[in-house]
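The values are calculated or read from the model by the stated rules, or taken from the named source; none is laboratory data. Predicted model only: the values in this text are computed from it and were never measured. For neighbour counting, all protein chains shown are included, and Cβ atoms are generated from backbone atoms with ideal geometry for every residue, glycine included. To get the accessible areas, we keep the full protein, side chains included, count just its heavy atoms, and leave off ligands, DNA and RNA. Shrake-Rupley method; radii C 1.70, N 1.55, O 1.52, S 1.80 Å.
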Amino acid sequence: MDADLGKGEVCKTGFTLRAFIIGTLLCLFISTSTIYANTIISGTFMAWAFSNPVALFLLFYLIIGNVLLGFMRGKWTLAPQELVLIYLMMLVSASLPTFGLVEHLLPMMTAVFYYATPENNWAELIQPHVPGWIAPRSQAAIRDFYEGMPRDSSIPWGDWIESLSYWTIFLLALHLVSVCLMVMVRKQWVEEERLLYPMMHAPMEMVGRDAGRAGRRAEFANVFRKPQMWVGFALPVLVGSLNALHNYYPFLPSASLSFALSAFRDTIHIPVAFSFSLTGFSYFIGRDLAAGIWVFYLLALIEQGIFNTLGIQSSEKLGWFSNPKAPYLTHQALGAMLMFALFTLWKARFHLQRVWGKAFQRWDDVSDSSEIMSYKTAVRGMLLGLLVMGICLHASGMPAVAVALLLVVALLIFFALSRIVVEAGVALVRAPLIAPDFVMASLGTSRLGAAGLTSLAYAYPWTGDIVTFPMASVANGLKMADVLIKGSKRALFWAFMLASFVTLLGAFWVMLYLSYNYGGINLNSWWWQTSCRFGLDYISQMIRSPSTTDAGGWFFTGLGASIMWVLMLVQQRVLWWPVHPLGLAMSGTVFTSGVMWFNVFLAWLIKGVVLKYGGGRLYRQTRFFFIGMILGAFVVSGSWLVIDYFTGKQGNFVLVW
């Protein structure tokens, strides 16, 4: 590839062979090291939120190494655009190995066999409906996956090939749909609506637009020369190192950054947790967006507190990933999220019409030359991916109507969350009600049958604990590519797919290696003992006690959608309206919004003071301080993981968020 591109083209695109090789190797490193860190080191999570800290951590040291290399071999240094390609591959990779997918997937595949007991009766209720190709069936292979294999034994790769091949095809189809959909809306979001993409400020400033060119000595970007950046960087490094040293030497002090308040007769708890990175990202969002996030979260708590005080409760049973303690609030937030997604698509209707016209009617006045794939390929790729996913789901025992509803709702949730991430820079957000639970609540479990419910349980790995997923990473990546990569970007599609494929292979390998050598039940209990049973416990309960459509749930879903529709209209037509309705869609995710709200409020408050007394000039100067806070939080967390690896220290959480 290097031979085919002139030096000017290399500088424009960064799609060089060495960049692809380095990106692939770092994706393999991310896929294996993050799982190892979570299971063996048990340290700070580096690949579990939409900010994907491990990607920014590696980019920081990659830039430093690149500059140092320039002093020895100037021609070997990477161009800024090559750094962009590598970072975007890492960004997609970091969304897959841990909470995003794989650490949930393998235990969820096999838990129905290992944890089956006479008490839960899974052997009769669920196991007969599990397709033979969706999970391994060897009792010895499953037992050793959880308990560790005997000495002088080898990992039974053959027992896993069929099921992992199926999951690889299904997941690559899902990722194809994600990439194609984000390509179809990129121009609308980036050029028409001019969204802020707060999470991309730090990496774009780190790479810089004038940070050197290929074949010349690399230089640090302007952000590294700003003293306010290093002041912001130092704060989380000092606090994080203090906490880390406390874990090594308990007589040293530590810094606690969270506490909780109670209200409504102690039925509501309001968490107050400070995060350097979350506050840093929140500084780059509009004040109306910030106000919407913290205002609607507090209003949701007040609403739930009133319900608790008055005894207004739902008898509906929701799964653990869907906030089962507040079903009405959960349905209301989901209705708001779905309406938010539909309203966003409606605003893009004229652009999507042009995309469709370019794809099937060859509208010559519509240009897709700036996209990573043509609109024709994007539309057909999305339809192909949906077809593959639909066939797989139906073959697993899911009724056709449930397949259609699951895919529509899941994609709307992914789409809404991706929009929230790129518009509001929210690192922690999750669907208030996950797609499989919505299907059960909407259709009623009696219409789905045991086979359909079992199939929905196997949808939990890719729809359940989705605190990060590739669609949002691709959306952010397309913005960075639009700004920093000039010329044709077609090769970026293959970079995204390569990153996904390589990461899946590396994550599957390390999961099996660690499980069979250490025993899964001796590793992180969240994945091997807890979360893998949530879906099975829920559907076994539904099989024993079939339910019909829940009228209360539908009412609050409609209520949330109606309120969101009204607020979106107000926000569009009333220019002075100070609270963005986006926060309503996040209000039902109690855990993630509970962590976010105070940091968003703090950034909203600081930004208001800065703009009032210093104007845009002071804001442009202070933003480097907050970029420093983001980098410092991720660098100190990742650096102490490396230290813990060499010292053998376990359980050293430096900065939780």
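Brief remarks follow.
- Exactly one residue out of GLY449, GLY506 is of a type in the set (Gly, Ala, Ser) and on the phi > 0 side of the Ramachandran plot: that is GLY449.
- Unique residue being touching an Asp or Glu at 6+ places or on another chain (Cβ under 9 Å), open to solvent by 40 Å² or more (accessible area, probe 1.4 Å) and hydrophobic (A, V, I, L, M, F, W, C) when the list is TRP577, TRP565, TRP604: TRP577
Each row is one residue, and each column tells you yes or no for (1) among the small types (Gly, Ala, Ser); (2) open to solvent by 30 Å² or more (accessible area, probe 1.4 Å).
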site	(1), (2)
GLY292	yes, no
TYR297	no, no
GLU303	no, yes
THR309	no, yes
GLN313	no, yes
TYR328	no, yes
ALA333	yes, no
LYS347	no, yes
TRP356	no, yes
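- Residues located in the stretch 602-619, provided they are charged (D, E, K, R) and more than 21 Å from PRO236 (Cα to Cα): LYS612, ARG617
- The number of residues in the stretch 626-657 being open to solvent by less than 40 Å² (accessible area, probe 1.4 Å) and of a type in the set (S, T, N, Q) comes to 3.
- Beta carbons closer than 6 Å, at least 6 apart along the sequence or on distinct chains, pair a first residue in the stretch 358-384 that is more than 20 Å from VAL177 (Cα to Cα) with a second that is of a type in the set (Lys, Arg) for VAL366/ARG354; VAL366/LYS358.
- Residues that are assigned to a helix (DSSP H, G or I), touching a Ser or Thr at 6+ places or on another chain (Cβ under 9 Å) and aromatic (Phe, Trp, Tyr) are absent from the stretch 264-275.
- Screening the candidates VAL409, VAL426 for the property of being part of a loop (DSSP other than H, G, I, E, B) and either open to solvent by less than 10 Å² (accessible area, probe 1.4 Å) or of a type in the set (Val, Ile, Thr) (or both) yields one hit, VAL426.
- Residue within the stretch 279-289 that is surrounded by 15 or more Cβ atoms within 10 Å (Cβ to Cβ), at pLDDT 90 or above, of a type in the set (S, T, N, Q) and closer than 19 Å to THR44 by Cβ present: yes
- Looking at the stretch 69-139, the helices (runs of 4 or more DSSP H) lying wholly inside it that each contain 2 or more residues that are buried (at least 24 other Cβ atoms within 10 Å of the Cβ) sit at 80-93, 102-114.
- Hey, SER314 outside any helix (DSSP H, G or I), without any contact (Cβ under 8 Å) to a residue 12 or more places away in the chain and over 25 Å from the mean Cα position of the chain (by Cα) or not: no
- Screening VAL388 with (1) touching a helix residue (DSSP H, G or I) at 6+ places or on another chain (Cβ under 9 Å); (2) open to solvent by less than 10 Å² (accessible area, probe 1.4 Å) gives one miss only, at (2).
- Checking the stated criteria, LEU172 turns out not to satisfy the condition of being modelled with pLDDT of 95 or more, assigned to a helix (DSSP H, G or I) and out of contact with any Phe, Trp or Tyr (no Cβ under 7 Å at 6 or more places or on another chain).
- For the stretch 538-551, the tally of residues that are open to solvent by less than 70 Å² (accessible area, probe 1.4 Å) and of a type outside the set (Ser, Thr, Tyr) stands at 4.
- Residue in the stretch 243-261 that is buried (at least 20 other Cβ atoms within 10 Å of the Cβ) and not basic (Lys, Arg) present: yes
- Residues that are within 13 Å of the chain's Cα centre (by Cα) and open to solvent by less than 10 Å² (accessible area, probe 1.4 Å) within the stretch 429-460 comprise VAL429, ALA431, listed in sequence order.
- The residue pairs whose first member lies in the stretch 286-301 and is of a type in the set (Ser, Thr, Tyr), whose second member is open to solvent by less than 20 Å² (accessible area, probe 1.4 Å), and whose beta carbons are closer than 8 Å, counting only pairs six or more residues apart or on different chains, are TYR297/GLY583; TYR297/MET586; TYR297/SER587; TYR297/SER593; TYR297/GLY594; TYR297/MET596.
- Qualifying positions in the stretch 393-402 - part of a helix (DSSP H, G or I) and surrounded by fewer than 22 Cβ atoms within 10 Å (Cβ to Cβ): HIS394, ALA395, ALA400, VAL401
- Answer from TRP597, TRP554 - the residue that is touching a residue at least 12 places away in the same chain (Cβ under 8 Å), open to solvent by 70 Å² or more (accessible area, probe 1.4 Å) and assigned to a helix (DSSP H, G or I): TRP554
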